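> Sharing a structure here in structure tokens format.
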Amino acid sequence: MSSLVSIDVEDYYKVLHPRPVYLIVSSCDGRTNVASIAWVSPVNDDPPVVALAINKDTLTSELISKSGVFTINVVDESKVSDVWVAGTVSGKEIDKVGKLGLKLIKSRTIDAPYIDGCLAYLGCKVIRSLEINGVNLYIAKVLEVYVRKNLFDPRYGWNLYRAKILMHSSGRCFTIPGKVIIHRM
Ligand SMILES: Cc1cc2nc3c(=O)[nH]c(=O)nc-3n(C[C@H](O)[C@H](O)[C@H](O)COP(=O)(O)O)c2cc1C
């Protein structure tokens, strides 16, 4: 007999977590903001395209819709407090970059900075967007990618023994990679 039980479909996304949570930096007209976003998905590798689902009422949506650019910053467990603040307070209320004391660095090709101390960042430019019931789905081309070279190898990806990439489970609960499984034929 099956041991599965039915839950509310509105809770489906909790079943799909844990998944990495990223700090998204957006910038427009001299205003720069940071927010935590977990609903990020690769779409294609050639051309490199990524999709993000971001609530329409956020400052992040406002800035990205105006500027068309943003950075996706990969962070580790040391940034959990920053992720919590960036994900629970709106930049419409406070200057989160200042409050968190984040040092921002100019990206190479796009007009949005990245966060000093991140494990990696992707510089992205929006190519399409659509609104679905109050959520903006941004489809963006990845124009530049920088990684910590001691933690990432393009042949194998992240060194999971060393890169403690922060993932969000649900509510206040986060996790990091705990076991490495190498599948051998
Ligand atoms: C761990 C975590 C993950 C989140 N992921 C998303 C997400 O994928 N999409 C979204 O719209 N909001 C997400 N949020 C909520 C936003 O970060 C939150 O609304 C934030 O206040 C928006 O800030 P802004 O108004 O400064 O852009 C998340 C929050 C947390 C704590």
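The numbers here are math on the coordinates, done by the rules we state, and not lab data. Because the structure is predicted, anything quoted here is derived from the model rather than measured. Ideal geometry is used to build each Cβ from the backbone, glycine not excepted, and the neighbour counts take in all protein chains shown.
> List every residue pair whose Cβ atoms lie under 8 Å apart, where the two residues are 6 or more positions apart in sequence or sit on different chains, the first residue falls within the range 98-121 and is free of Cβ contacts under 8 Å to residues at least 24 places away in the same chain, and the second residue, located anywhere, is small (Gly, Ala, Ser).
Every condition considered, the pairs that remain are 103/117.
> Mind checking which residues of the range 159-185 are touching an Asp or Glu at 6+ places or on another chain (Cβ under 7 Å) and assigned to a strand (DSSP E or B)?
The one that is touching an Asp or Glu at 6+ places or on another chain (Cβ under 7 Å) and assigned to a strand (DSSP E or B): 165.
> Would you pick out the residues in the range 27-52 that are part of a loop (DSSP other than H, G, I, E, B) and surrounded by fewer than 13 Cβ atoms within 10 Å (Cβ to Cβ)?
29, 30, 46, 47
> If you check 61, 67, which single one turns out to be hydroxyl-bearing (Ser, Thr, Tyr), under 16 Å from the mean Cα position of the chain (by Cα), farther than 25 Å from residue 159 by Cα and surrounded by 18 or more Cβ atoms within 10 Å (Cβ to Cβ)? Show your work before the answer.
Numbers: 67 fails: under 16 Å from the mean Cα position of the chain (by Cα).
The match here is 61.
> Same structure, new question: Mind listing whichever residues of the range 139-158 are part of a loop (DSSP other than H, G, I, E, B) and loosely packed, with under 14 Cβ neighbours inside 10 Å?
Our first condition is that a residue be part of a loop (DSSP other than H, G, I, E, B); within the range 139-158, this holds for 148-151, 154-156.
Within the range 139-158, 149, 150, 154, 155, 156 qualify.
> Of all residues in the range 72-85 being free of Cβ contacts under 8 Å to residues at least 60 places away in the same chain and either among the basic types (Lys, Arg) or closer than 16 Å to residue 38 by Cβ (or both), which is surrounded by the fewest Cβ atoms within 10 Å (Cβ to Cβ)?
Looking at residues that are free of Cβ contacts under 8 Å to residues at least 60 places away in the same chain and either among the basic types (Lys, Arg) or closer than 16 Å to residue 38 by Cβ (or both), I get 85.
> Do we have residue 125 as surrounded by 13 or more Cβ atoms within 10 Å (Cβ to Cβ), of a type in the set (Lys, Arg) and out of contact with any Phe, Trp or Tyr (no Cβ under 8 Å at 6 or more places or on another chain) here? If you could, list the steps in order and put the result at the bottom.
Working: surrounded by 13 or more Cβ atoms within 10 Å (Cβ to Cβ): yes; of a type in the set (Lys, Arg): yes; out of contact with any Phe, Trp or Tyr (no Cβ under 8 Å at 6 or more places or on another chain): yes.
So residue 125 fits the description; yes.
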